[in-house]
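One structure is given here, and the rest of the page talks about it.
The values are calculated or read from the model by the stated rules, or taken from the named source; none is laboratory data. What you are looking at is a predicted structure, and each value in this text was computed from that prediction instead of being measured. Glycine gets a Cβ as well: all are built from the backbone with ideal geometry, and neighbour counts include every protein chain shown. When the accessible area is computed, the model is the full protein with side chains, heavy atoms only, and any ligands, DNA or RNA have been set aside. Shrake-Rupley method; radii C 1.70, N 1.55, O 1.52, S 1.80 Å.
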Amino acid sequence: MSLHIGDVAETGASDAARLMGHVQTLFPLCRSITGAGLRQTLEYINEWIPLDRHEVPSGTKVLDWEIGPEWTVRGATIHTLDGRKIVDFAEHNLHLLQYSRPIDAVVSRAELDAHLFSLPDQPELIPYRTSYYAENWGFCLAHRVREAMQDTAYRVHIDTDLRPGSLSFGECLLPGRSAQEVLFSIHCCHPSLANDNLSAIAVAIELARELMARPRQFTYRFVFIPGTIGAIAWLAANRDAAARVHHGLVLSCLGDAAPPTYKRSRRGDALIDRYVAYILAHEGRVVPFSPYGYDERQYCSPGFNLPVGCLMRSPPGSFAQYHTSADNLAFVQGAVLADSLQLLRRVVAMIETDAVWCNTLPYGEPQLGRRGLYDSVGGGAAAADRMALLWVLNRADGAHRLLDIAELSAMPYNEILVAAQALAAAGLLRRDAE
Ligand code: ZN
């Protein structure tokens, strides 16, 4: 198992193609917090990684919430009274307000206007809007199209159902030597939006595939859930698993060209916060926790307070394409998806290798030459390795992790790790149980 940070021979080009392939395949599906598009998305994920699929029936109480009805969409249109089509769900699934109730009626232009959603500042784009918890119907459309609707009345037809059904979610559990868990949470309830939704699904599929093929210290759990209500349903049903979460990341918006952004967990100084901040020190942005954003809001609610941060490129709401038809296949870049996957490989490598060690001969420095450690580090380019050996021997006292030693020494984590592995092989270190 190759776990050294940066020791990765994967080619970015083939990663990019595989990742974009997932995004392209999933893009047309009309996902929502329940229903066929969500199930089809989970089926697709299950073709790549083994997914336990769960259905939580409508009416189930989950923490302070209740699973609502299941939403089925067959079509939605606005026509002029002489039969000219103005808006058609079949042309873009963002056109329909999510969770719209059915309607088939002629309505006045004034009445219709209260059910239209558009973006005056971005008149060519279709916005993404939902009304999960307040019964409504509506259409989302380009502001330019809305302004051109000058007739006195229109025929609206929304062919949907809101009926008792279930909320679907999927979990991929990859057991490790330890029952301690690493949680990756990915929302998959957005329809044809590429960055906010599909980018993270694609990266998670590939990360899980790689982890499946390796021995693992930690147990890894990937949850693919509808946002908010799905995370709440998962937490309600998985209090035991939640208690085993040692590190966690919500993944979202991993395909736009912005540098990585990491939002800390509510704890602020959890190990996952330290790992991602260390890795992003020179190539990204780290922001404090705030009770807004994605499902870290649920994992970091005060009762759970899990060590779960959120890894993104652009944060939600911070880019012009956010929740519009411009968050499309042209907005997401394969090379960025590959870079995000590479970043997660480095995070996983650190999760797997960072540990507390104890020097077995702490009285005076042990004689390195006698153990074959001195020759291999004798001067020149390898001098840093000797420094790493000395730092590890001095600080491996049962109170410092490898990351602590890397920070104290200002040496790269990878060099500290290599030194610790060499010392352990020579019997000079033992790993402390944590
Ligand atoms: Zn969103």
### Message
Looking at SER252, SER178, SER192, can you tell me which residue is over 23 Å from GLU47 (Cα atoms), assigned by TED's automatic domain parsing to the domain that holds ARG267 and either basic (Lys, Arg) or at pLDDT 95 or above (or both)?
### Response
SER178
### Query
Under the condition of being surrounded by 17 or more Cβ atoms within 10 Å (Cβ to Cβ) and either free of Cβ contacts under 8 Å to residues at least 24 places away in the same chain or within 32 Å of the chain's Cα centre (by Cα) (or both), which residue from the range 133-160 is farthest from PRO316 (Cα to Cα)?
THR160
### Query
Yes or no: PHE304 more than 18 Å from the chain's Cα centre (by Cα), more than 16 Å from the ligand (Cβ to nearest atom), closer than 28 Å to ARG244 by Cα and surrounded by fewer than 22 Cβ atoms within 10 Å (Cβ to Cβ)?
yes
### Message
Only one of ALA320, ALA326 is open to solvent by less than 50 Å² (accessible area, probe 1.4 Å) and over 17 Å from the mean Cα position of the chain (by Cα). Can you tell me which?
### Response
ALA326
### Task
Could you check, for the range 307-317, whether at least one of its residues is within 14 Å of the ligand (Cβ to nearest atom) and free of Cβ contacts under 8 Å to residues at least 12 places away in the same chain?
yes
### Message
Can you tell me how many residues within the range 73-128 are among the aliphatic types (A, V, I, L, M), open to solvent by 20 Å² or more (accessible area, probe 1.4 Å), within 18 Å of PRO191 (Cβ to Cβ) and more than 28 Å from the chain's Cα centre (by Cα)?
### Response
1
### Message
Just the residues that are within 12 Å of LEU63 (Cβ to Cβ), of a type outside the set (A, V, I, L, M) and open to solvent by 10 Å² or more (accessible area, probe 1.4 Å), please, taken from the range 226-261.
### Response
THR228, ASN238, ARG239
### Residues (touching a helix residue (DSSP H, G or I) at 6+ places or on another chain (Cβ under 9 Å) and open to solvent by 50 Å² or more (accessible area, probe 1.4 Å)) located in the range 26-51
PRO28, GLN40, TRP48, PRO50
